[in-house]
Each structure stands twice: as C-alpha cells, then as structure tokens.
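Visitor: Here it is, the structure in full.
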Amino acid sequence: MHTEAAYSDAREHYQTLGVDTEEALKRLGEIPISINCWQADDVGGFEGVGEITGGGIMATGGYPGKARNPDELRKDFEFAYSLIPGRHRFNLHASYLEHGGKKIDRDAVAPEHFTGWVEWARSLGVPLDFNPTFFSHPLADAGFTLASKDEKIRSFWIEHGKRTREIAAYFGRETGSASLNNFWVPDGYKDEPADRLGHREILIRSLDEIFSKAYPETETIDAVESKLFGIGSESYVVGSHDFYLAYALSRGKLLTMDAGHYHPTESVAEKITAILPFTGRLMLHVSRPVRWDSDHVVIMDDATKAIFREIKRADAFERIYVAVDFFDASINRLAAWVIGIRSSQKAALAALLEPTATLRAAEESGDFTTRLALQEEMRTMPLGAVWDEFCRRNDAPIGPVWIERVKEYEKTVLDARS
Ligand code: RNT
Ligand code: ZN
C-alpha cells in the first residue's frame, strides 16, 4: 500500500546516496512516450483490409474485443490513457485513416482523412506522430516498395511517402508539436539475393525524392528505421542498420532504433552513446524481442532499463524521442498498452534515481569496487515507493488496482464487440 510515510522513507534512502527523488519525479513527468495506435487492433488499420499482410511483421493471439474502427480505438486509448501517469504522444499509421466509405489508396491519403484524429488529439492534449504504411497492400506483396525495380510500384510508394509528410506537417501545425514521421519499409529477400547494391541505390533515390521538399522542423521531422530481418526477408533487408545510419547522417535525418531490430546479442542501449555524438538526436522504438523481433509488450527488464540508463547518463532525454513498438493480440490489448507504458516509465524512473555522479566519481578514481557494489545495491532501493508517488501526483492508479478497471472495461465495452 502506498503511504506518504513510505515515500518519505524512500526519499531519505535515496538522499543518503545523493539522489533527489523530487528532481527525479519532476523529470519523469517531462518524458513523453509516443504510444503506438497499432497495439489496439493488431496493426490492422482501418482501410478495410483487417490484418497485416506482407511486411514480415505479425501479431499473434486471438483475444476478443479488438478496436474495429477509429472511434473504438480512440475510446480504448482514452481509457488506457487514464491509467497511465504523465502526458504522452499518440503514434498513428497512415492505414488508420478515416475514408468516409470511399476507397482511398495509399497514394491518395491527405490531411482531410485525419481531421477526426486531429480534433480528438487536440481535445486530449496529445500530440500526434506518424508513420507511412509500406505494408499490407497488394503493391507491397512482391516484397519491395521504395526499393522496387518496378518503376510503377516504386513511384506509387514515393507518392505515399510524400503525402505522409504533408499529413505529419499538418499534425505538427494543428497540435503545436512537431510530428515525427517514421519511415520503415519491409523491402528484402527471403533467399540469397543476386543484387544487394542495386536495391540499396534505388532506396536511396526514392528516399531522396520523398525528402526533396523541405518542411519546417517545427511541423514534422523525418525518421528512418532499419531492420535486421523479417518473415520473408530473412536473407536480405535493403534498409539495414548500416544503411540507415549512413543515410541519416548524410541527409540530416532522424535515425530510429527499434530494440527488436538487431542481433540478439547486440544491445540498443550500448549503441546510443556511439551514435548520439554524431547524430545529435535519436528516436527509439522500445520493444521486447523474444527470440526474434516478436514485438512483445515492453516490461521492465534489463534491456529496457539499460536503454533508459544510457539516456539518463548522457543527459539526453530532450534529444532522444521515445516511442514504443509492440503488438500483442494474446492479452487484453488495452492492458498491453498500460503494462508497456508503465513499465517503460518505471525503467526511466530507475535510471533517474541512479546516483550517476557518485558512480562516475568512483570510476574516475579507479574505485571499481564501489562502482560495482553501488550498482548492485541500487537494485533493491525502494523504487516502488517513488513510482507510487508519481502515480499519486499524476492522478493515475497506484499499484495493481488498474487491472480490475481494465476487467470492468472488458466486460462492459469489449465483450459487446464480439
Ligand atoms: C517493423 C517496424 C515498424 C512497425 C510499425 C508498425 O518491424 O518495427 O516500426 O512495427 O511500423
Ligand atoms: Zn519499430
């Protein structure tokens, strides 16, 4: 149970290590997380297609009650959002348009198809981020979009990319906060390619063409996301990490690193400080790969804690944009949101409560004994009491009571959908 006494005890505990919990609470409240719309409907979107096709990503599970239209998704999000402390962002995909019953293809999406989202976002005070959708479409079925050697396919997707920038800029103007527009394309081969370079040169040309028009960064910022492999692109992905690292650096674009898009023994956390000095900023897709890029719901595991620790140590929360990317259809989808975001925040709080200066001083004086001992002592410090206090101050449920509320929502709202 959360009591003021528990918090003030914890506060004293941390004080003995030179850590100010008040400062940590303040800073945690300033870290927005871009919450992915696609958790609510298994990346289906609202074009009428209904499930992911192509793109090498996959939601598994058949939990009842998924959002079937924008209104249901908005309602679900509002409910989940009430269980999450702090102020955040909402991350839309182009396939979540409102077409008003007409067939609007990807090369025809425009701001007018997102006015409902913008109105809603403004009413909630939640800025919008965006993503072009280069999958779940007949013209992506051959496995190539922007890197296709078929000129017709390629130009269709270039037009899509251009239009999403226009929509993102509109989001940025309307919500008063630059909309991050994240480009991820699934392009690649299942089996050994004969021409790796050719497709990469084509992808560079396509991206350059999409980005040829300049938008003010106050409206939208373009990001590019790499991938290691996908289902059906096991042997070769055009947009690999090295490709986009070089592309982002040479073009001044934001690089997105997804925690699931590296070899299992690589660590995104470790890469942050290697890349940040050169790019100045980064976007993260915090995710949880289990044996592969499985997009499990984020939990407060070592990998996630390490990511936030590196951001904190680099004092880079203003320059590293945190988005989450997971989609699990095997549990209550709103609960997935709540678990994933609250866990990310707890990981961030753990980082903010680290006595970084003390650890660094120990390191610099060669006292590696203290450095190791202190890091291990930190593991059992009363983080929970500080987290509870954060929830209390932000009018969010304290502890597991939110689970019951989700069950109630499931009974009254979700069950009526099947
Ligand atoms: C796919 C990428 C990408 C997607 C979303 C839905 O592997 O991680 O970010 O998950 O665009
Ligand atoms: Zn991602």
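The values are calculated or read from the model by the stated rules, or taken from the named source; none is laboratory data. Source: prediction; values computed, not measured. Because the Cβ atoms are built from the backbone with ideal geometry, glycine has one as well, and the counts that use them run over all protein chains shown. Surface areas here come from the heavy atoms of the whole protein model, side chains and all, with no ligands, DNA or RNA. Shrake-Rupley method; radii C 1.70, N 1.55, O 1.52, S 1.80 Å.
Visitor: With Q345, Q375 as the choices, which residue is open to solvent by 50 Å² or more (accessible area, probe 1.4 Å) and polar (S, T, N, Q)?
Guide: Q375
Visitor: Turning to a different aspect of this structure: Can you confirm whether segment 18-36 contains a residue that is out of contact with any His (no Cβ under 6 Å at 6 or more places or on another chain), within 16 Å of ligand 2 (Cβ to nearest atom) and open to solvent by less than 70 Å² (accessible area, probe 1.4 Å)?
Guide: Yes, there is a match, as at least one residue in segment 18-36 is out of contact with any His (no Cβ under 6 Å at 6 or more places or on another chain), within 16 Å of ligand 2 (Cβ to nearest atom) and open to solvent by less than 70 Å² (accessible area, probe 1.4 Å).
Visitor: Let me ask you something else. In segment 379-418, which residues are of a type in the set (K, R), open to solvent by 60 Å² or more (accessible area, probe 1.4 Å) and more than 19 Å from G340 (Cβ to Cβ)?
Guide: Selection gives R379, R392, R393, K411.
Visitor: Let me ask something else. Of the residues in segment 67-95, how many are in contact (Cβ under 8 Å) with a residue 60 or more places away in the chain, within 27 Å of K346 (Cα to Cα) and of a type in the set (K, R)?
Guide: Counting residues in segment 67-95 that are in contact (Cβ under 8 Å) with a residue 60 or more places away in the chain, within 27 Å of K346 (Cα to Cα) and of a type in the set (K, R) gives 2.
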